[in-house]
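> Below is the structure I would like to discuss, written out as structure tokens.
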Amino acid sequence: MVVRRASLWLLAGALATATAWAALAPVTSSSRDEHFVIPRGTWAARMAGNKVEILPSEIRLTLGLKDILVLENRDEVPQLFGPVLMMPGQSFRLPFSMAASYQFVCTAHASGQMTITVEPPVATPWARLRWRVRGLVFKLREAQLPTHHA
């Protein structure tokens with residue numbers, strides 16, 4: 001019984017330490033780009049009647065960390081993203097400077113629409129904790145889906 005209680009206290013202490021670090025440690029990013037690729041054969045697969053999910057229905061960006069959306073068209077046909085026509089082999093960089101939710105027409109997306117949610121900078125401990133937890137959940141989900149990042 002004593003060993004079990006000590007183990008629980010040790011686990012609670014480790015959890016509290018990890019939570020404190022996640023809330024208090026500064027958040028950094030090696031690049032401000034969030035890069036997505038439209039792979040070769042996307043259009044052909046859609047025309048063949050296949051359900052092709054290459055981009056998420058919502059992309060979440062964070063000001064000051066990951067606030068530049070980069071789309072790269074590796075398909076054989078042009079793709080439309082908002083007012084921009086990306087020819088095969090072209091990339092498009094879209095920087096964001098204001099936190100908001102944006103709707104774009106996107107021919108590479110199965111629904112033809114894409115939402116970009118840009119969140120404010122992670123300046124408070126709660127915001128840092130929420131940002132790290134959301135990133136962990138995203139990575140777990142991404143591990144279960146086909147790859148769409150470059």
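> Quick check on segment 71-78. Is at least one of its residues closer than 23 Å to Asn50 by Cβ, among the polar types (S, T, N, Q) and in contact (Cβ under 8 Å) with a residue 40 or more places away in the chain?
Here is the first cut: in segment 71-78, the residues closer than 23 Å to Asn50 by Cβ are 71-78.
Restricting the remaining residues to those that are among the polar types (S, T, N, Q) gives 73.
Restricting the remaining residues to those that are in contact (Cβ under 8 Å) with a residue 40 or more places away in the chain gives none.
No, there is no match, as no residue in segment 71-78 is closer than 23 Å to Asn50 by Cβ, among the polar types (S, T, N, Q) and in contact (Cβ under 8 Å) with a residue 40 or more places away in the chain.
> Just checking, does segment 111-118 include any residue being in contact (Cβ under 8 Å) with a residue 40 or more places away in the chain, touching a Cys at 6+ places or on another chain (Cβ under 7 Å), of a type outside the set (D, E, K, R) and surrounded by 17 or more Cβ atoms within 10 Å (Cβ to Cβ)?
Yes: one or more hits.
> Is there any pair with a first residue in segment 82-100 that is touching a residue at least 12 places away in the same chain (Cβ under 8 Å) and more than 17 Å from Leu61 (Cα to Cα) and a second that is among the hydrophobic types (A, V, I, L, M, F, W, C) and assigned to a loop (DSSP other than H, G, I, E, B) whose Cβ atoms are under 6 Å apart and which are 6 or more apart or on different chains, and what are they?
Hits for this filter: zero, empty list.
> Look at Gly13 and say whether it is at positive phi and either in contact (Cβ under 8 Å) with a residue 40 or more places away in the chain or not in a loop (DSSP other than H, G, I, E, B) (or both). It would help to see each step written out before you state the result.
Working: at positive phi: no; either in contact (Cβ under 8 Å) with a residue 40 or more places away in the chain or not in a loop (DSSP other than H, G, I, E, B) (or both): yes.
No; evaluated as a whole, the condition is false for this residue.
> So, of the residues in segment 90-147 that are over 14 Å from the mean Cα position of the chain (by Cα) and assigned to a helix (DSSP H, G or I), which turns out to be nearest to Ser31 (Cα to Cα)?
Among those that are over 14 Å from the mean Cα position of the chain (by Cα) and assigned to a helix (DSSP H, G or I), it is Arg128.
> Need pairs with beta-carbon distance below 8 Å; first residue surrounded by 15 or more Cβ atoms within 10 Å (Cβ to Cβ) and within segment 123-141, second among the hydroxyl-bearing types (Ser, Thr, Tyr); sequence gap 6+ or separate chains.
From segment 123-141, the pairs are Leu129/Thr19; Trp131/Thr62.
> For segment 65-89, which positions are in contact with a Ser or Thr (Cβ under 6 Å, 6 or more places away or on another chain) and either in a loop (DSSP other than H, G, I, E, B) or more than 16 Å from Phe36 (Cβ to Cβ) (or both)?
Across segment 65-89, the qualifying residues are Leu65, Asp75.
> Could you grab me the full set of residues in segment 40-64 that are of a type outside the set (A, V, I, L, M, F, W, C) and either part of a helix (DSSP H, G or I) or closer than 26 Å to Arg134 by Cβ (or both)? Before the answer, list the steps.
Taking segment 40-64 first, the residues of a type outside the set (A, V, I, L, M, F, W, C) are 40-42, 46, 49-51, 53, 56-58, 60, 62, 64.
Listed by number, the residues that qualify are Thr42, Arg46, Glu53, Pro56, Ser57, Glu58, Arg60, Thr62, Gly64.
> State which residue is farthest from Leu71 (Cα to Cα) when the search covers only segment 31-47 and only residues that are of a type in the set (A, V, I, L, M, F, W, C) and surrounded by 17 or more Cβ atoms within 10 Å (Cβ to Cβ). Outline the logic, then answer.
Of the residues in segment 31-47, the ones of a type in the set (A, V, I, L, M, F, W, C) are 36-38, 43-45, 47.
Of the ones still in play, those that are also surrounded by 17 or more Cβ atoms within 10 Å (Cβ to Cβ) are 36-38, 43.
Working: Phe36: 5, Val37: 6, Ile38: 7, Trp43: 16 Å.
Among those that are of a type in the set (A, V, I, L, M, F, W, C) and surrounded by 17 or more Cβ atoms within 10 Å (Cβ to Cβ), it is Trp43.
Taken together, the values in this text are just the output of simple stated rules run on the coordinates, not laboratory data. Given the structure is predicted, the values throughout are model-derived calculations rather than measurements. Counting neighbours? That spans all protein chains shown, and the Cβs are built from the backbone with ideal geometry, glycine included.
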